[in-house]
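I have placed the structure first, in the form of structure tokens, so that the comments after it can refer back to it.
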Amino acid sequence: MQQIIKKRVFDMKKGIMIIGHGSRYNYNKWVMEEQKKRLEGKGFRNVYIGFNETTYPLVEDVLEDMVKDGIDHVVAIPFFIACGLHIMRDIPEKLGMPHGANKASVKKKGKNIFIELW
């Protein structure tokens, strides 16, 4: 059984969602785009940017785009200065995760995807 689970995890198509707070100011989006470039420069593929509020694209929309692109394992990385209410409550809720979970299997557009919140 453990081998089946390991095989399933390795067969999953992973994607990274960097999550920013969002702002009326454009430099906030620029900072996130720079983080995306850094990850891609280190060889990571399927890197997406989402925002909690104010700036687009929003977390919920990016998650749907990732599912459309065939991603079934999302590593969500909040890029915030401090760990506060958004990271503890709002972002997991927007990702469809149960309260208090940092890993969860959720159903999106009829497809099961695995999400890790780092």
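Looking at Glu64, is it under 13 Å from the mean Cα position of the chain (by Cα) and not aliphatic (A, V, I, L, M)?
yes
Looking at the stretch 68-86, can you tell me whether even one residue there is buried (at least 18 other Cβ atoms within 10 Å of the Cβ) and without any contact (Cβ under 8 Å) to a residue 40 or more places away in the chain?
Scanning the stretch 68-86 turns up no residue that is buried (at least 18 other Cβ atoms within 10 Å of the Cβ) and without any contact (Cβ under 8 Å) to a residue 40 or more places away in the chain.
Could you grab me the full set of residues in the stretch 87-99 that are over 17 Å from Val62 (Cα atoms) and either open to solvent by 80 Å² or more (accessible area, probe 1.4 Å) or at pLDDT below 85 (or both)?
Within the stretch 87-99, Met88, Arg89, His99 meet the criteria.
Please state which one of Gly70, Gly96 is more than 12 Å from the chain's Cα centre (by Cα) and part of a loop (DSSP other than H, G, I, E, B).
Gly70
Filter the stretch 1-40 down to the residues that are open to solvent by less than 100 Å² (accessible area, probe 1.4 Å), part of a helix (DSSP H, G or I) and among the aliphatic types (A, V, I, L, M), then identify the one that is modelled with the lowest pLDDT.
Ile5
Does Gly50 qualify as being in a loop (DSSP other than H, G, I, E, B) and in contact with a helix residue (DSSP H, G or I) (Cβ under 8 Å, 6 or more places away or on another chain)? Break it down into steps so the answer makes sense when it comes.
On the way: in a loop (DSSP other than H, G, I, E, B): no; in contact with a helix residue (DSSP H, G or I) (Cβ under 8 Å, 6 or more places away or on another chain): yes.
When the stated conditions are applied, Gly50 does not pass them.
Given the conditions (1) in a helix (DSSP H, G or I); (2) open to solvent by 30 Å² or more (accessible area, probe 1.4 Å); (3) more than 17 Å from Lys29 (Cβ to Cβ), and given that Asp65 satisfies all but one, which numbered condition is not satisfied?
(3)
The values are calculated or read from the model by the stated rules, or taken from the named source; none is laboratory data. Predicted model, so just to flag it, every value in this text is computed and none were measured. Cβ: placed from backbone, ideal geometry, glycine included. Neighbour counts: every protein chain shown. Ligands, DNA and RNA are stripped out before the accessible areas are found, and what is left, the full protein with its side chains, is counted by its heavy atoms. Shrake-Rupley method; radii C 1.70, N 1.55, O 1.52, S 1.80 Å.
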